[in-house]
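Q: Structure incoming, see below.
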Amino acid sequence: MPEAYIVAATRTAGGRKAGRLREWHSADLGGAVIDELLRRTGADPARIDDVIMGCLTQVGEQSLNVARGCVLASSLPESVPATTVDRQCGSSQQALHFAAQAVMSGTQDVVIAGGVESMTRTPMGANVMLAMGAGMGGPNSPRIKARYNGVDFSQFIGAEMVAEKYGLSREALDGYGVESHRRAAAATQAGAFKAEILALPGKDKEGAELLHDTDEGIRYDASPEGMAAVKLLHESGRLTAATASQICDGASAIMVVSERGLKDLGVEPLARIHHLTVTGGDPVIMLEAPIPATRRALERAGMSLGEIDLFEVNEAFASIPMAWRQALEADPDKLNVNGGAIALGHPLGATGTKLMTTLVHALKARGKRWGLQTMCEGGGMANVTIIERL
């Protein structure tokens, strides 16, 4: 089978809600990371066959195929097409899968996969809330309601269900949250993210211009005592806002090429995409899907978990990577080694290629070979990607 290679990967630093990236339009954020890929590879902009971008809240500034807006806001010529993907939180990871599949099929040679989300300017769920407010109804049809009678589809409920199923206490979840901030702080202070982050002009709280080159949500003083003081999301639950992913503004992008693309661009690959899996599962508990998806991916790839050097499992809530680690008996020292979304933020449609960008660079920095990425997705789905660093 033809191969698909990653030749460049970049992301913006995460911006907190109403933070340093608050004045950036989503299309401009996406255009900036696209241009950074061109700069890093020296690729002829006209050589790009397609752009595939993930985005969840496709309304307002993120409507009308925001991926095409990202192209028009970049230095790519108008001849480059684009499409926007919604596989919920896995949208840009799915964009990466589509890009790899296009390259592996031989129909395209150079594809940019990425994602963008300004959760400040386009709040999560705004598309549904605006539609329902206008009397246009919501996503749950009569047939869905009949099949799942009385069910309230909620990621918050799902995260609590996962915590209960795997016996994860409030104290354990808080401890994981502290560790996420500790790892992210250590990585930032050691310069681990410097090679992957595209610095952008931003504004501080007072409106003064500054260079936004570090993730804004990291709490360098995170402590068990501080975590314990945060109010529970549900009175009878175990999770808090501090053990959930942070609202975040950001964009990320990866250039995927075929062997022909490697030769045409004259670039060296960073990694080879070894395996792609996507599965569906129970839409009620919803966020448990990465566990069976990982098992399936490893089986189909003919690999064991022990062969994988680093894991990126999105920290939508602390219960998700903790349950994944427990169920698969994974080495905690290989999991989210530079912290995760609890500290670094979860810019929804941009998170898939954001995590892959971090994974590629972390493998290189540590001289490791194999990486696996997965994340939970609304509706009970999960993508898994296995890469080999070259």
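Q: Full-extension gain between Asp213 and Asp333, please, as 0.36 nm times their residue separation minus the C-alpha to C-alpha distance.
A: 40.6 nm
Q: Within a 10 angstrom radius of the beta carbon, how do Cys376, Cys89 rank from fewest other beta carbons to most?
A: Least crowded to most crowded, the residues run Cys89, Cys376.
Q: Could you tell me which of Val178, Ala318, Gly158 has its Cα farthest along the dipole of the chain towards the positive end, charges placed at Cβ (Lys, Arg +1; Asp, Glu -1), taken about the Cα centre?
A: The one lying farthest along the dipole's positive direction is Gly158.
Q: Now a separate question. In whole Å, what three semi-axes, largest first, describe the equivalent ellipsoid of segment 96-244 built from its Cα gyration tensor (square root of 5 times each eigenvalue)?
A: 31, 29, 20
Q: For segment 102-164, report the convex hull volume of the alpha-carbon atoms normalised per residue, in Å³, without decimals.
A: With only Cα atoms used, segment 102-164 gives 232 Å³ per residue.
Q: Express the Stokes-Einstein translational diffusion coefficient of segment 17-170 in µm² s⁻¹, to the nearest whole number, given a Kirkwood radius over alpha-carbon pairs, 10 °C and a viscosity of 1.306 mPa s.
A: 90
Q: Using the Cα centre as the reference, give the magnitude of the dipole from point charges on the C-beta atoms of segment 273-389 (Lys, Arg: +1; Asp, Glu: -1; all else neutral), rounded to the nearest 20 debye.
A: Computed charge dipole of segment 273-389: roughly 380 debye.
Q: Also, quick follow-up: Report D for segment 133-197 in µm² per second (integer): Stokes-Einstein, Kirkwood Rh on Cα pairs, 10 °C, 1.306 mPa s.
A: 99
Q: Which pairs, out of Lys205/Lys231; Lys17/Lys263; Lys165/Lys205; Lys263/Lys354; Lys17/Lys368; Lys203/Lys334, put more than 31 Å between their alpha-carbon atoms?
A: Cα-Cα > 31 Å for Lys17/Lys263; Lys165/Lys205; Lys17/Lys368; Lys203/Lys334; rest within.
Q: Also, quick follow-up: Between Ala365 and Lys194, what is the label-to-label distance in nm when each label sits 7 Å out along the Cα-to-Cβ direction?
A: Once both label points are built, they end up 1.1 nm from each other.
Q: If you take every residue apart from Arg369 with its C-beta less than 12 Å away from the C-beta of Arg369, what net charge results, scoring Lys and Arg +1 and Asp and Glu -1?
A: Net charge in that neighbourhood comes out at +2.
Q: Per residue of the chain, what 222 nm ellipticity follows from adding -39500 (n - 2.57) for every DSSP H run with n ≥ 4, rounded to the nearest 500?
A: My calculation for the chain gives -10500 deg cm²/dmol from helical runs alone.
Q: Got a sec? How would Glu61, Glu235, Glu36 order by Cβ neighbour count within 10 Å, fewest to most?
A: Result, fewest neighbours first: Glu235, Glu61, Glu36.
Q: Still on this structure: Where in the chain is the longest stretch that carries no trypsin sites (Lys or Arg not before Pro) classed as loop by DSSP and with at most 10 other Cβ atoms within 10 Å?
A: Segment 1-204 is the longest.
Q: Name the GluC sites (Glu not before Pro) in segment 296-377 that are in a loop by DSSP and that have at most 12 other C-beta atoms within 10 Å, would you?
A: Those satisfying the criteria are Glu329.
Q: When Rg is the radius of gyration of the Cα atoms in segment 273-389 and Rh is its Kirkwood radius, what does Rg/Rh come to?
A: Here Rg/Rh amounts to 0.92.
Q: Still on this structure: Defining a contact as two alpha carbons under 8 Å apart and six or more residues distant in sequence, what relative contact order in percent does the chain show?
A: 28
Q: Which value results for Rg/Rh of the chain when Rg is the Cα radius of gyration and Rh the Kirkwood radius based on the inverse mean 1/r?
A: 0.95
Q: If we count every other residue with Cβ under 12 angstrom of Glu216's Cβ, Lys/Arg +1 and Asp/Glu -1, where does the sum land?
A: Neighbour charge sum, excluding Glu216 itself: +3.
Q: May I pose another question? Just want the ordering: Asp264, Asp152, Asp249, Asp309, from fewest to most Cβ atoms lying within 10 Å of their own Cβ.
A: Asp152, Asp264, Asp309, Asp249
Q: While we're here: Rounded to the nearest 20 Debye, what is the dipole magnitude of the chain about its Cα centre when Lys and Arg each give +1 and Asp and Glu each give -1 at the C-beta?
A: Around 300 debye, computed over the chain.
Every number here is computed from the coordinates shown, using simple stated rules; none is lab data. These figures come from a predicted structure and were not determined experimentally. Here Cβ is always computed from backbone atoms with ideal geometry, including for glycine, and neighbour counts include all displayed protein chains.
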